[in-house]
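> Here's a structure for you.
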Amino acid sequence: MLRSMRSSVGSIFAKIILGLLVLSFAGWGVADYTFGGRSVSTAATVGDIDIPVRQLSEAVREETNRQGLDQNNPELLRQLGVVDSALERLIVRSLYSAEANEMKVTAGDEAVRREIESSPDFRNQFGQFDRAMFQQYVRYSGGNEDAVVNQIRGEVARDYLVAAVASGAPASPAMVDTVVSFVGERRDVTALSVPTVPASDIPPPSDTALKEFFDAAIEDYRKPEYRQITYIALTPETLTSEIELDEAMVSQAYEDRQGEFTTDETRHIQQLILADDEVEANVRALMAEGKSFAEAAKEAADVDEATIDLGTLSRRAIPDTALADAAFGLEAGGVSTPVEGLFGRSIIHVKTVNAGSVQPIEDVRDRIESDLKLDHAMSLSYELSKQLDDALGDGMTLEEAAESLAVPLSKADAVDVTGAGLDGVAIADLPADRIFLNTAFDSPLDETSFLIEGDNDSFFVLRVDGVTETRLPSLDEVKSAVTADWIAERRQEATEKKAATLAQEIGAQDDLAALAEKEGLVRIDIVNLNRTGRADDNKALPGDLAKSVFDLTVGSIAHGTSPSGAMIARLEKVSPASEIINDEGKAQIAQRLALSTTTGLIEQLSVALRNRHSIEITPGAVEYVIDPTAYSQATN
């Protein structure tokens with residue numbers, strides 16, 4: 001949860017600039033850096049800054065989780081260059097840090113404090129800074145608070161340097177005008193949505209066709225790696241059944257939470273500020289004639305109802321004590337004597353009264369008992385985790401420890417990295433914490449993991465009892481899925497062919513409404529379509545079709561695929577940017593262009609920093625992170 005802080009920068013502007021620098025370094029390639037003879041604990045060194053292998057591994061894990069990739073597939077990591085890219089990003093950040101150190105750019109204590117307190121990683125559910133969460137991060141990072149603070153201080157200093165680089169030169173007026181003209185143009189389109197042809201229109205595939213389709217896409221049907229695991233999971237939710245409550249505990253909790261179960265009495269209050277005693281007398285006289293308080297106030301003081309209406313309020317919602325006492329001392333329809341309040345002398349009218357209420361204990365008993373059990377289960381989870389850690393430390397197996405502590409021992413015969421079983425369905429009751437699955441697929445066969453703290457006061461420990469390697473299936477194993485995919489592809493092809501045929505038959509003046517009715521299509525009128533495929537009324541065209549529309553002349557036709565099948569679009573009108581983008585919008589585009597012009601500065605800076613600071617990558621570090629087991633075997 002807190003790892004992202006190590007690799008983050010303080011502002012979106014800084015992140016953009018760092019992203020540009022990463023791109024500028026990508027051209028150099030990892031192979032261009034100098035290799036030295038460091039141990040595998042250090043992935044790379046930039047100047048005097050070490051990048052630990054652990055930090056690189058965490059960056060890779062975050063990236064694979066973000067992309068939904070299998071971190072335990074070495075070949076996939078190599079093909080996509082995931083580890084190389086992660087190392088590039090860390091090197092770029094370290095280059096900035098090294099330069100900031102050399103230039104003696106530093107951040108003061110106040111800036112560091114603001115950075116820590118504003119970080120979402122250290123905020124509780126109420127959005128407030130929580131020192132306990134910060135201390136948890138400190139413990140995760142090695143337990144040295146001074147070291148963590150200094151690390152954050154360095155990140156803030158690095159951001160200062162990034163901000164200085166980001167002050168690029170403004171774009172020229174000619175460039176701004178060109179871009180405004182391009183992005184500001186809008187187009188009106190009449191579109192026809194062509195639904196996907198039904199599956200019944202597609203004849204089943206021959207054995208030969210299905211085999212050819214499967215062979216061409218066999219990697220899409222690869223079976224994932226499965227692991228057989230035995231584990232002990234201590235979560236508050238699963239331990240609530242162990243908690244016994246007595247009536248005194250429930251009653252005390254009910255009393256402590258009275259405010260939660262109480263609905264305050266409220267009153268619709270009107271207040272008329274008195275200019276003099278005559279106004280009060282006139283109001284009372286008019287009300288005696290049958291007029292409402294609002295009508296009387298209008299006639300006597302020339303104020304409308306909105307001015308005198310305070311709304312429906314509870315007593316504690318009224319900051320003026322005198323006003324509150326007066327309002328809550330009246331019956332509905334009553335008018336107070338003059339009140340000396342915070343805003344002067346006034347009279348109060350109570351329009352309506354809404355009685356308060358208190359939920360009886362029986363109505364909220366289930367909620368109170370559930371909350372109490374969960375609170376106690378959190379404490380029990382922590383206490384059991386300490387006992388479990390001691391038991392494992394004494395050499396007990398998971399089976400022995402579970403029996404000794406009377407906690408459940410669970411097994412999963414086959415689970416993939418997503419938490420699904422052999423049938424592709426998520427395994428019920430498996431810990432939902434992502435760290436659990438990461439640990440299961442990071443742990444060697446037949447070894448018991450450390451006791452690990454997960455989210456929401458949960459703890460777990462596991463052992464991998466078996467590994468079924470990823471493999472390519474036979475056609476018979478996945479025939480139904482392959483057949484469905486083959487039919488889906490043929491349906492899309494038939495739909496696109498139908499759209500193309502219709503597009504050739506449509507003229508510039510043809511009535512598309514009549515054609516839509518004849519062919520059973522849906523007509524869509526799209527106004528002010530932009531180049532991203534979106535219109536002002538949230539209607540849209542698929543991206544590729546929108547691009548084609550902006551290449552058309554009025555009356556011309558284009559067609560393309562859509563999520564529901566295919567679409568045909570006829571261009572009806574072109575609106576130039578001058579009719580769409582005002583001066584404010586033009587200024588915003590100029591600002592974005594100013595940012596983009598910093599790319600050249602970034603490229604020059606990347607070369608300069610590369611020449612100023614040594615970059616040394618540990619031989620084998622990337623391969624070690626990709627596949628630690630294979631690396632260890634190869635180097636022994």
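> Would you kindly give the portion of the calculated P(r) for the chain that falls above 43 Å, as a percent of all Cα pairs?
Numbers: 111960 of 201930 pairs.
Summing the P(r) tail past 43 Å for the chain gives 55 percent.
> Using a probe radius of 1.4 Å on heavy atoms only, what accessible surface per residue do you get for region 430-480? Whole Å² is fine.
53 Å²
> Calculate what fraction, in whole %, of the accessible area of region 436-505 sits on carbon and sulfur atoms when a 1.4 Å probe is rolled over the protein chains. Don't skip to the answer; put the middle values down first.
On the way: 1800 of 3770 Å².
Exposed carbon and sulfur together represent 48 percent of the surface.
> I'd like to compare 446-457, 202-213: which one has the highest average count of other Cβ atoms within 10 Å, and what's the full order after that? Provide the component values of the computation, followed by the final result.
Values: 446-457: 15.3, 202-213: 12.4.
By packing density, highest mean first, the sequence is 446-457, 202-213.
> A further question on this structure: Between beta-carbons, use under 13 Å as the cut-off and find the net charge around residue 371, counting Lys and Arg +1, Asp and Glu -1.
Working: positive: 257, 365, 367, 373; negative: 237, 256, 260, 366, 369, 375.
With Lys, Arg at +1 and Asp, Glu at -1, the net is -2.
> Express in % the proportion of alpha carbon pairs of region 414-545 at distances exceeding 21 Å. Show your work: numbers first, answer last.
Values: 5884 of 8646 pairs.
Cα-Cα pairs of region 414-545 separated by over 21 Å account for 68 percent.
> Moving on to the next point. Amide H neighbours of residue 467 under 5 Å, counting only residues 5+ apart in sequence or on other chains, H built in-plane at 1.01 Å?
Excluding prolines and chain starts, which carry no amide H, the hits are 228.
> Using the heavy atoms of the protein chains alone and a 1.4 angstrom probe, what is the accessible area of region 353-413 per residue in square angstrom?
Numbers: 3710 Å² over 61 residues.
Here the per-residue accessible area is 61 Å².
> Here is a further query. Please report the carbon-and-sulfur percent of the accessible area for region 334-426; probe 1.4 Å, protein heavy atoms only, DNA, RNA and ligands left out. Show your work: numbers first, answer last.
Working: 2760 of 5280 Å².
Taking all protein chains in place, region 334-426 shows 52 percent carbon and sulfur surface.
> Give me the lysines in straight-line cross-link reach of residue 547: C-alpha distance below 17 Å, same-chain residues under 8 apart excluded.
Cα-Cα hits under 17 Å: 539, 573.
> Now for a different question. Just tell me, in residue order, which DSSP H segments of the chain are both 18 angstrom or longer along the helix axis (alpha-carbon based) and at least -1.0 in mean Kyte-Doolittle hydropathy. Working shown, then result.
Numbers: long enough: 12-26 (21 Å, 2.47); 53-67 (21 Å, -1.47); 82-102 (30 Å, 0.18); 145-165 (30 Å, 0.23); 361-393 (47 Å, -0.56); 479-505 (39 Å, -0.89); 583-596 (20 Å, -0.44); 598-612 (20 Å, -0.01).
Span-like helices, by this rule, are 12-26, 82-102, 145-165, 361-393, 479-505, 583-596, 598-612.
> Right, something else. Return the long-range amide H neighbours of residue 341 (sequence gap of 5 or more, or a different chain), with a cut-off of under 5 Å between placed amide H atoms.
346
> Also: Given the rule -39500 (n - 2.57) for each run of at least 4 DSSP H residues, summed and divided by the residues of the chain, what is its mean residue ellipticity at 222 nm, to the nearest 500 deg cm²/dmol? If you can, show how the numbers build up before the last one.
On the way: 27 runs with 310 residues, N = 636.
So the helix-based figure for the chain works out to -15000 deg cm²/dmol.
> Can you give the accessible area of residue 54 in Å² (nearest 10), computed on protein heavy atoms with a 1.4 Å probe?
130 Å²
> Something else about it: To make sure I understand the rule: partners must be aspartates and glutamates, Cα under 19 Å from the Cα of residue 386, and not fewer than 8 residues away in the same chain. Which ones qualify?
Within reach: 237, 242, 375, 394, 399, 400, 403, 453, 455, 457.
> Rounded to two decimals, what ratio of Rg to Rh does region 267-347 give with C-alpha atoms and a Kirkwood Rh? Please list the in-between numbers first.
Details: Rg = 11.9 Å, Rh = 12.8 Å.
On the Cα set of region 267-347, Rg over Rh gives 0.93.
> Quick check on region 355-489: take the gyration tensor over C-alpha atoms, sort the square-rooted eigenvalues as a ≥ b ≥ c, and tell me if it's rounded (a/c under 1.5), prolate or oblate.
oblate
> For region 323-434, what percent of Cα pairs sit more than 18 Å apart?
Working: 4670 of 6216 pairs.
Of all Cα-Cα distances in region 323-434, 75 percent exceed 18 Å.
> Oh, and also: Whole number in Å², please: accessible area per residue of region 157-270, 1.4 Å probe, ligands, DNA and RNA not counted. Walk me through the intermediate numbers first.
Details: 5710 Å² over 114 residues.
With all protein chains present, region 157-270 gives 50 Å² per residue.
The values are calculated or read from the model by the stated rules, or taken from the named source; none is laboratory data. Keep in mind the model is a prediction, meaning the values are calculated, not measured. Positions of Cβ are generated from backbone atoms using ideal geometry, with glycine treated the same way; all protein chains shown enter the neighbour counts. For accessibility, only protein heavy atoms count, side chains too; no ligands or nucleic acids. Shrake-Rupley method; radii C 1.70, N 1.55, O 1.52, S 1.80 Å.
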